[in-house]
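Here the structure comes first, spelled out in structure tokens, and everything after it is commentary.
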Amino acid sequence: MAGTQGGDANGIGGPGGEARKARIHVVSDVHGNVRDLVRAGDGADALICLGDLVLFIDYADHSRGIFPDLFGTENTDRIVELRTARHYEEARAFGARLWAGVDRGPAIEKAVRKQYAELFSAFPTPTYATYGNVDVPPLWSEYAGPGTTVLDGERVEIGGRVFGFVGGGLRTPMRTPYEISDEEYAAKIEAVGEVDVLCTHIPPEVPELVYDTVARRFERGSRALLDAIRRTRPRYSLFGHVHQPLARRMRVGATECVNVGHFAGTGKPWVLEW
């Protein structure tokens, strides 16, 4: 297997039965980027999406996302400032004052549904997807078409290779929608077992892979994922979550660990070929 950002290959199976390369495109942290998502599978045999489809707040452009649509850019500026400074309790109190006049649940669900309708319709066939920490899993079954396979704590064979998928994130002060306990996450990693490619939303707990150089903080990575990589030695560990990591890829034993990139910002899939 070889992985690149971009590049060309021929796909799986060809005229006359000659051997051809398999080509898989991988995206993560889509955050509302429908424009580029519709082309993300071009030239690939399959698309893999590692979650975070929803755009709640765009930290690069405070005018985009569910929060500014509801409360305006000025209030978004303020809550981003508080979160960036790690004043999480103050940020929650500020947010609570804004939400006091809004029926929060229905407002968020309506906005998420609108985004999901656009994003899932942009997925090519076949797409294999798992949840990010800002996603809302109960809604996915309503929008995933027959060409999209949703996997969480499960395995699938693609082009003769076994891929394992584990979605969601671990609990943080940010309290995003799909954060679970370390124990529940570890159980899903265990359920996947030995695979050729281990696909997750969050990275293994390695300092260089979890540190965001722009946010200037360590995001949560998984110790259970790191332990599984060392124990089962997959060819690749693919993930996203950290938008501007200190290291985009590094080896852990026999495994190439790769942050496939912040698709919302780059608009380019990471390419896996064999």
Problem set entry | Within the chain, percent of DSSP bridges classed antiparallel, to nearest 5 | 45 percent
Exercise. How big is the convex hull of the Cα atoms of the chain, per residue, in Å³?
Worked result: 119 Å³
For this session: Normalising by the residue count of segment 192-254, find the relative contact order in percent from Cα pairs under 8 Å and 6+ residues apart.
Result: 45 percent
Seminar exercise, completed: Given backbone amide H placed at 1.01 Å from N, residues whose amide H is under 5 Å from that of residue 170, ignoring those fewer than 5 places away on the same chain, are 180
Exercise. Toward the positive end of the charge dipole of the chain, about the Cα centre and with charges on Cβ (Lys, Arg +1; Asp, Glu -1), which of 102, 132, 88 goes farthest?
Worked result: 88
Exercise. Mean separation of Cα pairs under 8 Å and 6+ residues apart, divided by the residue count of the chain: what relative contact order is that in percent?
Worked result: 23 percent
Exercise. How much accessible area per residue does the chain have, in Å², with a 1.4 Å probe?
Worked result: 45 Å²
For this session: Between residue 233 and residue 139, take the C-beta separation as r, use R0 = 35 Å, and let me know the FRET efficiency to the nearest 0.05.
Result: 0.50
Exercise. If amide H atoms are built 1.01 Å from N in the plane of the peptide, which residues on other chains or at least 5 residues away come under 5 Å of the amide H of residue 242?
Worked result: none
Problem set entry | Computed magnitude of the charge dipole of segment 119-188 (debye, nearest 20; Cβ of K, R +1, Cβ of D, E -1) | 160 debye
Problem set entry | Helical contribution to [θ] at 222 nm, DSSP H n ≥ 4, -39,500 (n - 2.57), averaged over the chain, rounded to 500 | -9000 deg cm²/dmol
Problem set entry | Accessible surface of segment 101-218 [probe 1.4 Å, protein heavy atoms]: carbon and sulfur percent | 51 percent
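The values are calculated or read from the model by the stated rules, or taken from the named source; none is laboratory data. Remember, predicted model here, so these are calculated numbers, not experimental data. Heads up, the Cβs are rebuilt from the backbone with ideal geometry, glycines too, and the neighbour counts pull from every protein chain shown. These accessible areas exclude ligands, DNA and RNA; they are computed on the full protein's heavy atoms, side chains included. Shrake-Rupley method; radii C 1.70, N 1.55, O 1.52, S 1.80 Å.
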